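Since the structure comes first, as structure tokens, the remarks are kept for the end.
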Amino acid sequence: MPEYKLIDFNQVSKADIIFTTDRDHWLSQTIRAATNSIISHTMIVVDGINIIDSTGAGVTMREWDTAKKDCTLAIVMRRHSLLNLADQNKVVAAAQSFDGRKYDALGAAGSGMMGNTRNQILTAAGCTLALGACEFLLTEIEENAKEENADKKFFCSELVSRSFSVAGFPIVNGKPTNMTPDMVFNSNLLSYVGHLIDKPQPSSNLTKEQLERNRKSGYRKDN
């Protein structure tokens with residue numbers, strides 16, 4: 001991660017990706033714990049005022065001032081080589097074409113369970129405790145991830161990764177429905193732009209492991 005920068009929203013570009021955290025919200029805490037990450041949500045910049053993302057209300061465009069209301073952390077990343085307005089417009093147009101689609105809760109669960117090796121191990125361990133229920137859920141997740149069901153519903157990182165793929169500028173390897181926010185955040189095709197919001201916890205509340213992980217991720221700690 002390059003040197004830490006605190007920036008304003010007027011310094012971001014169309015099609016930049018914003019990764020956020022609401023540290024006090026239970027769902028944000030759950031996602032971060034499941035993915036071992038400092039972030040829990042992601043969105044695409046539409047213009048100098050608006051973003052587009054997928055929440056429980058589905059895919060919607062809204063003002064950044066509304067979206068940031070409860071954020072304690074917001075980090076901006078940019079796709080390598082996505083420098084001209086025409087290409088940025090392609091990404092935004094792809095995202096806007098999904099406006100109004102419902103939230104993909106099943107896909108979000110699937111990405112959390114199967115998105116990386118760590119989660120696959122945890123899922124396997126959990127399934128030994130509730131085999132019947134787990135098999136049913138995994139079957140439903142696999143059905144939801146089939147190509148014919150793509151683009152019907154979206155969770156946040158699925159929307160972001162799918163929009164870039166449709167525009168011709170993929171940011172991750174693999175199916176968008178398997179992409180957690182952390183997997184997109186750590187893509188080697190993205191460059192750090194800056195922090196829009198940074199409200200760190202007091203250092204006394206963090207373990208050495210958390211401080212080190214935050215340092216490596218560009219998350220400033222208290223002085």
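The values are calculated or read from the model by the stated rules, or taken from the named source; none is laboratory data. The shown structure was predicted, so the numbers you read here are calculated from the model rather than taken from an experiment. Counting neighbours? That spans all protein chains shown, and the Cβs are built from the backbone with ideal geometry, glycine included. Quick note on the areas: whole protein, heavy atoms, side chains included, nothing else; ligands and nucleic acids left out. Shrake-Rupley method; radii C 1.70, N 1.55, O 1.52, S 1.80 Å.
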Seminar exercise, completed: The residue that is most open to solvent (accessible area, probe 1.4 Å), considering only those in segment 174-198 that are of a type outside the set (S, T, N, Q) and touching a His at 6+ places or on another chain (Cβ under 8 Å), is 189
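Kindly indicate the residue of segment 26-59 that is among the hydroxyl-bearing types (Ser, Thr, Tyr) and in contact with a strand residue (DSSP E or B) (Cβ under 7 Å, 6 or more places away or on another chain) and also farthest from residue 155 (Cα to Cα) among those meeting that condition. Step through it out loud before you land on a result.
Going through segment 26-59, the residues among the hydroxyl-bearing types (Ser, Thr, Tyr) turn out to be 28, 30, 35, 37, 40, 42, 54-55.
Going one step further and asking which of them are in contact with a strand residue (DSSP E or B) (Cβ under 7 Å, 6 or more places away or on another chain), we end up with 28, 40, 42, 54-55.
Values: 28: 14, 40: 11, 42: 9, 54: 5, 55: 7 Å.
Only one residue fits best here, namely 28.
Specify the residue that is most open to solvent (accessible area, probe 1.4 Å); the eligible residues are those in segment 157-173 that are of a type in the set (A, V, I, L, M) and over 17 Å from residue 76 (Cα atoms). Before you say what the answer is, go through the steps one by one.
The initial filter retains those residues of segment 157-173 that are of a type in the set (A, V, I, L, M), namely 159-160, 166-167, 171-172.
Checking the rest, the ones that are also over 17 Å from residue 76 (Cα atoms) come to 166-167.
Numbers: 166: 76, 167: 18 Å².
Among those that are of a type in the set (A, V, I, L, M) and over 17 Å from residue 76 (Cα atoms), it is 166.
Based on what the data block shows, is residue 8 of a type in the set (D, E, K, R) and touching a residue at least 40 places away in the same chain (Cβ under 8 Å)? Step through it out loud before you land on a result.
Details: of a type in the set (D, E, K, R): yes; touching a residue at least 40 places away in the same chain (Cβ under 8 Å): yes.
Yes: the conditions hold for residue 8.
Take residue 70 and tell me if it is within 13 Å of residue 20 (Cα to Cα), modelled with pLDDT under 95 and either acidic (Asp, Glu) or out of contact with any Leu (no Cβ under 9 Å at 6 or more places or on another chain) (or both). Walk me through how you get there before you give the answer.
On the way: within 13 Å of residue 20 (Cα to Cα): yes; modelled with pLDDT under 95: yes; either acidic (Asp, Glu) or out of contact with any Leu (no Cβ under 9 Å at 6 or more places or on another chain) (or both): yes.
Against the criterion (within 13 Å of residue 20 (Cα to Cα), modelled with pLDDT under 95 and either acidic (Asp, Glu) or out of contact with any Leu (no Cβ under 9 Å at 6 or more places or on another chain) (or both)), residue 70 qualifies.
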Exercise. Where in segment 1-86 are there strands (runs of 3 or more DSSP E), lying wholly inside it, with at least 1 residues that are open to solvent by 10 Å² or more (accessible area, probe 1.4 Å) and basic (Lys, Arg)?
Worked result: 58-63, 73-79
For this session: Any residue in segment 62-83 that's under 26 Å from residue 100 (Cα atoms) and without any contact (Cβ under 8 Å) to a residue 60 or more places away in the chain: show its pairings with residues that are crowded, with 18+ Cβ neighbours inside 10 Å and among the aliphatic types (A, V, I, L, M) at Cβ separation under 6 Å, as long as the two are six or more apart or on different chains.
Result: 64/51; 67/51
